[in-house]
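The values are calculated or read from the model by the stated rules, or taken from the named source; none is laboratory data. Note that the structure is predicted; figures quoted are calculated from it, not measured. Cβ atoms come from the backbone with ideal geometry, glycine included; neighbour counts cover every protein chain shown. Calculation scope for accessible area: heavy atoms of the full protein, side chains included, ligands and nucleic acids excluded. Shrake-Rupley method; radii C 1.70, N 1.55, O 1.52, S 1.80 Å.
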Amino acid sequence: MNRLAFMCAGEPLEALPMGALYWPAERLLAVADLHLEKGSSYAVNARKLLPRYDTRQTLGALAALIDAVRPRTLVCLGDSFHDRAAIERMPETERMAIARLTSRTRFVWIAGNHDPAPPPEGWGEVAEEIAAGRLVFRHEALFGPVDGEVSGHYHPVAALTVRGRGLRRRCFLTDGRRIILPAFGAYAGGLNALDPAIAQLFPGDYDALVVGREAVRRLSWRQLRPDASLAVMKWERRATDR
């Protein structure tokens with residue numbers, strides 16, 4: 001596994017190609033936005049015929065990650081379950097898979113906007129946020145200057161042009177003071193790293209740590225491109241300002 005080492009708030013961290021963050025000094029692994037049972041939620045509420053295998057796929061990836069890293073603590077940064085009824089819809093095989101994972105290492109579930117209620121007893125600890133050393137782990141980034149914040153929520157993706165072809169890849173975002181993790185869930189989707197909702201959190205320069213199949217590549221935000229909708233918004237804003 002080709003990890004990309006970088007610094008945040010003076011702490012040496014590693015971005016992993018699977019879209020997870022590792023803190024070697026603490027043997028702490030962090031993942032964001034699993035959105036377990038999103039497929040079944042869409043099938044029930046939105047009446048969209050999505051395959052209901054996202055939970056199995058996401059848990060399989062998480063199990064492989066635990067096998068590879070062997071963390072002492074695993075922090076799930078909120079929106080681990082897609083809604084309050086996700087666990088009720090979850091098949092017994094997937095519940096048993098979570099029970100096996102939580103028996104292997106210490107799990108900390110950070111409450112998110114999709115899943116404010118705690119998971120079943122025995123699946124680990126629940127917190128609004130946790131602080132460890134110079135880092136604080138929470139679901140959504142706070143607006144304004146902050147040091148050592150690790151969060152998720154935004155599902156950042158980097159839009160790139162490679163050899164004339166447009167690509168979108170999950171990415172971490174960091175300015176050396178805070179970091180936003182990509183979504184880990186199979187059906188999580190993503191928001192462009194240049195979107196104003198994200199860019200406002202980084203008043204200066206920031207980098208995208210772009211997740212590839214086998215490695216993570218660091219790019220400046222200046223090397224990214226907006227989605228078509230963002231480009232239109234910027235053109236309209238410039239035209240209005242004239």
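Rolling a 1.4 angstrom probe over the protein heavy atoms with all chains in place gives the chain an accessible area of 50 Å² per residue.
Estimated from the Cβ-Cβ distance and a Förster radius of 45 angstrom, the FRET efficiency linking residue 68 and residue 143 is about 0.80. Taking the Cα centre of the chain as origin and assigning +1 to Lys and Arg Cβ atoms and -1 to Asp and Glu Cβ atoms, the resulting dipole is close to 980 debye. Among 61, 25, 183, the residue with the largest mean-square fluctuation in a Gaussian network model of the chain, with springs joining Cα atoms closer than 10 Å, is 25.
When the Cα positions of 146, 130, 190 are compared along the charge dipole of segment 111-226, 190 comes out farthest toward the positive end, with charges on each C-beta of Lys, Arg, Asp and Glu. Beta bridges from DSSP with both residues in segment 110-182: antiparallel share about 65 percent, rounded to the nearest 5.
Starting from the Cα of residue 223, move 7 Å in the Cα-to-Cβ direction to define the label point; list residues of segment 132-163 whose amide nitrogen is under 16 Å from there. What the label zone holds, given the 16 Å backbone N cut-off, is 157-163.
Comparing mean-square fluctuations of 136, 162, 210 from a GNM of the chain with C-alpha springs under 10 Å, the top value falls on 162.
Across segment 67-206, Cα pairs under 8 Å and at least six residues apart give a relative contact order of 18 percent. Give the relative contact order (percent, whole number) for the chain; include only Cα pairs under 8 Å separated by 6+ residues. Over the chain, the number comes to 21 percent. For the chain, carbon and sulfur atoms together expose 51% of the accessible surface, with a 1.4 angstrom probe and every protein chain in place. Take every DSSP beta bridge whose two residues both sit in segment 111-233; close to 75 percent of them are antiparallel. Residue separation of residue 200 and residue 99 scaled by 0.36 nm, minus their Cα-Cα distance, works out to 32.5 nm of gained length. Take every DSSP beta bridge whose two residues both sit in the chain, then give the antiparallel share in percent to the nearest 5. Taking every DSSP beta bridge within the chain, about 60 percent pair in antiparallel fashion. Of the trypsin sites (Lys or Arg not before Pro) found in segment 57-132, those that fall in a DSSP loop while having at most 15 other beta-carbon atoms within 10 Å are 72, 84.
In segment 128-180, what chymotrypsin sites (Phe, Trp or Tyr not before Pro) fall in a loop by DSSP, with at most 16 other Cβ atoms inside 10 Å?
Sites meeting the loop and neighbour criteria: 143.
Relative to the longest principal axis of the Cα atoms of the chain, the long axis of helix 92-104 makes an angle of roughly 80 degrees.
Normalising the Debye intensity of segment 152-219 to I(0), with uniform scatterers on Cα atoms only, and taking log10 at q = 0.12, 0.25, 0.27 Å⁻¹ returns -0.28, -1.18, -1.32. Under 5 Å between amide hydrogens, built in the peptide plane, is the criterion, and for residue 35 it picks out 80, 81 among residues at least 5 positions away or on other chains.
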